[in-house]
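Report on one structure; see the data block that follows.
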């Protein structure tokens with residue numbers, strides 16, 4: 001079970017009593033926002049394996065933490081008044097575990113900043129649930145905590161469950177109650193930023209669709225309150241993921257037929273209100289990226305998908321989809337069934353025969369699976385198709401760059417473990433060149 005971990009920095013100020021409030025919650029009257037936050041989090045119901053981490057400078061430990069503290073000089077009246085250290089306050093709360101103190105420097109330079117960062121990181125365990133209080137985080141520490149939270153998400157698989165700030169300065173002077181502010185949406189915005197970048201820069205929609213789904217789940221679980229926009233957005237996430245997976249897994253038939261793409265386009269056009277605000281600009285970019293794809297069955301979608309893969313660094317998918325789509329394209333141009341294996345093989349052979357100037361007498365047209373009794377019929381049928389294909393001007397123009405792409409695809413598929421294998425740069429450059437050469441012929 002994941003461990004709950006409360007993380008806070010204790011300052012050196014002279015803190016006055018007040019109550020902290022948020023919605024129906026009202027804390028005890030306290031000098032310390034840490035006590036109020038732990039009450040809000042119901043820490044007395046946590047288990048013995050959970051933890052509270054208090055980051056203390058030497059001065060904070062001396063004047064605000066130690067349970068031996070019984071009084072402090074009040075700065076405005078210049079006399080000592082009763083004052084209880086936070087360590088004693090926590091002891092009286094009957095928390096089911098002892099607090100953990102992390103001694104930190106004052107953070108005056110970069111070296112001390114990294115010392116704080118590393119000490120906090122080492123105190124965490126994998127899969128911890130993190131609860132941050134930023135109230136007394138001095139200078140750059142609030143920013144450090146936010147960066148740290150993302151670091152822990154990736155390397156410790158931690159989850160940020162709470163970030164808050166006690167705004168003592170904004171208290172009501174009559175009731176002496178101060179607002180307790182939820183800062184968790186800031187961490188959430190960072191999640192959306194990384195997920196959006198993952199899709200827009202790398203073509204990976206997994207994190208984006210997972211975030212979208214998890215954000216919508218509470219709305220969709222209560223179908224009475226679920227509105228049409230929530231349902232549409234959930235469906236959008238589903239079909240976006242399907243369309244991306246078609247490209248990642250080189251599903252040529254699905255890419256050309258465009259059934260999932262058609263549904264995705266239809267849903268994006270229906271979305272009127274984006275109820276997850278960080279998603280709105282991303283959806284606009286996704287809409288724009290769909291313009292190059294035909295929602296009807298169109299073999300040109302294969303070329304568009306291959307270029308999309310190329311732009312997103314999916315080089316093996318790019319060469320595989322593009323190479324196979326050349327066959328699909330020439331099938332369509334010559335009234336052949338682009339999904340039928342035998343007819344696709346005829347197109348492939350015609351490209352090879354023309355590029356290598358192989359005469360009819362040397363054509364190898366039969367495969368091991370062809371039945372002996374159908375030998376002559378099969379040969380004649382394939383000869384007729386190939387002869388017609390060889391007179392096709394586009395096939396003639398495509399044949400040589402097709403053979404170059406054939407070499408590139410083989411280099412990828414054999415992991416470069418072959419004679420005359422290409423360097424990374426050469427492989428990428430030749431792939432781009434071959435794709436552009438063939439696409440220019442197709443467009444003409």
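Annotation: for a label point projected 7 angstrom from Cα along Cα→Cβ of residue 48, residues of the range 1-38 with backbone N closer than 20 Å are 1-6.
Based on alpha-carbon centroids, what's the gap between the range 70-131 and the range 157-191 in Å, whole number please? Centre-to-centre distance over Cα atoms comes out at 18 Å.
Quick check: the angle from helix 259-270's long axis to the longest principal axis of the chain, C-alpha only, nearest 10 degrees? Between helix and principal axis, roughly 50 degrees.
From helices alone, the chain scores -17000 deg cm²/dmol at 222 nm; the rule is -39500 (n - 2.57) for each run of n ≥ 4 DSSP H residues, then divide by the residue total. Per the Debye calculation on the range 185-298 with a single equal scatterer at every Cα and no solvent contribution, log₁₀ I(q)/I(0) for q = 0.18, 0.21, 0.23 Å⁻¹ amounts to -0.92, -1.21, -1.39.
The Kirkwood hydrodynamic radius of the range 151-219, based on inverse pair distances between different Cα atoms, is 14.5 Å.
Rg and Dmax of the range 2-116, based on Cα coordinates, read 15.1, 47 Å. Hey, what's the Cα Rg ratio for the range 313-444 versus the globular rule of thumb, 2.2 N^0.38 Å? Against the empirical 2.2 N^0.38 Å value, I get 1.12 for the range 313-444.
Peptides 410-418, 4-12, ordered by how many other C-beta atoms sit within 10 Å of their residues on average, highest first, read 4-12, 410-418.
What's the angle, to the nearest 10 degrees (0 to 90), between helix 424-443's Cα axis and the longest principal axis of the chain? Compared with the principal axis, the helix lies near 60 degrees. Each of residue 259 and residue 289 was given a label point 7 Å from its Cα along the Cα-to-Cβ line. The distance between the two points is 2.4 nm. Ordering 330, 134 by the number of other Cβ atoms within 10 Å of each residue's own Cβ, fewest first, gives 134, 330.
Remark: the chain projects, on average over all directions, an area of 31.6 nm² (convex hull of Cα atoms). Looking at the range 255-396, the pairs of alpha carbons with a distance over 21 Å make up 57% of the total.
With respect to the chain, whose longest principal axis is taken over its alpha-carbon atoms, helix 110-122 is tilted by about 80°.
Read-outs: derived from the displayed coordinates by stated rules, not from any lab. These numbers come from a predicted model, not from an experiment. FYI the Cβ positions are ideal-geometry reconstructions off the backbone, even for glycines, and counts take in every protein chain you see.
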